[in-house]
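The values are calculated or read from the model by the stated rules, or taken from the named source; none is laboratory data. Small disclaimer: the values here were computed from a predicted structure and weren't measured. Reconstructed Cβ throughout: ideal geometry from the backbone, glycine too, with neighbour counts over all protein chains shown.
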Amino acid sequence: MDLKSQIRNVKDFPKQGIMFRDITTLLKNPEAFNYTLSLLLDFTKDKKINKVVGIESRGFILGSVLAYKLNCGFVPVRKPGKLPAEKVSIAYSLEYGEDRLEMHKDAIAPGDKVLVHDDLLATGGTMNAVCQLIEQLGGEIVQVSFIVELSFLNGREKLKKYDVRSIVDYENEE
């Protein structure tokens, strides 16, 4: 199945000059959704993962399903002010400023084997920040996965010490 054909391209969103890759069209198609999930699961064979971390918000969608299918725990990473218990946080740079992410302090135990999932890899800043949080708590990043990769932004470079997997690659903004 050609998954790229299942992703909607939205020009000039969220701002002028950006081509937004909208996965909601892929998610609403049961065949495309299940095929995407099967590819992501194939990446994890023999990895002995016991936690899946999903990044707000689209990383929750398949991250939680991956956790279910792998029979392991799911950990949400959220924007500030969304988690009620004691948490760790990290600031990271965006293309147009800075943002912060948080995770419950007790979500990752030392030695946990972690898969981190998000919908899209652009510059790698968000995923790199989340990986730092997990490692700060003693977790081992076994793999990071994405549905979409914008390879022209070189996000893999920030993640080169990890096993990075993606399904659909866009080599340019078009």
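Some values worked out for this structure:
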item: Residue match in segment 54-61 (condition: touching a strand residue (DSSP E or B) at 6+ places or on another chain (Cβ under 8 Å) and without any contact (Cβ under 8 Å) to a residue 40 or more places away in the chain); result: yes
item: Gln143 vs. criteria in contact with an Asp or Glu (Cβ under 8 Å, 6 or more places away or on another chain) and in contact (Cβ under 8 Å) with a residue 12 or more places away in the chain; result: yes
item: In segment 73-100, residue surrounded by the fewest Cβ atoms within 10 Å (Cβ to Cβ) [restricted to those that are small (Gly, Ala, Ser) and out of contact with any Asp or Glu (no Cβ under 6 Å at 6 or more places or on another chain)]; result: Gly97
item: Options Val65, Val52; residue that is modelled with pLDDT of 95 or more, surrounded by 14 or more Cβ atoms within 10 Å (Cβ to Cβ) and closer than 26 Å to Pro110 by Cβ; result: Val52
item: Residue match in segment 40-51 (condition: at negative phi, in a loop (DSSP other than H, G, I, E, B), hydrophobic (A, V, I, L, M, F, W, C) and in contact with a helix residue (DSSP H, G or I) (Cβ under 7 Å, 6 or more places away or on another chain)); result: yes
item: Of all residues making up segment 92-117, the number that are in a strand (DSSP E or B) and in contact (Cβ under 8 Å) with a residue 60 or more places away in the chain; result: 5
item: Within segment 129-142, tally of residues that are crowded, with 19+ Cβ neighbours inside 10 Å and not aliphatic (A, V, I, L, M); result: 2
item: The one condition in (1) surrounded by 15 or more Cβ atoms within 10 Å (Cβ to Cβ); (2) modelled with pLDDT of 95 or more that Lys28 fails to fulfil; result: (1)
item: Qualifying residue in segment 153-162 (condition: over 10 Å from the mean Cα position of the chain (by Cα), assigned to a loop (DSSP other than H, G, I, E, B) and either buried (at least 19 other Cβ atoms within 10 Å of the Cβ) or among the hydroxyl-bearing types (Ser, Thr, Tyr) (or both)); result: yes
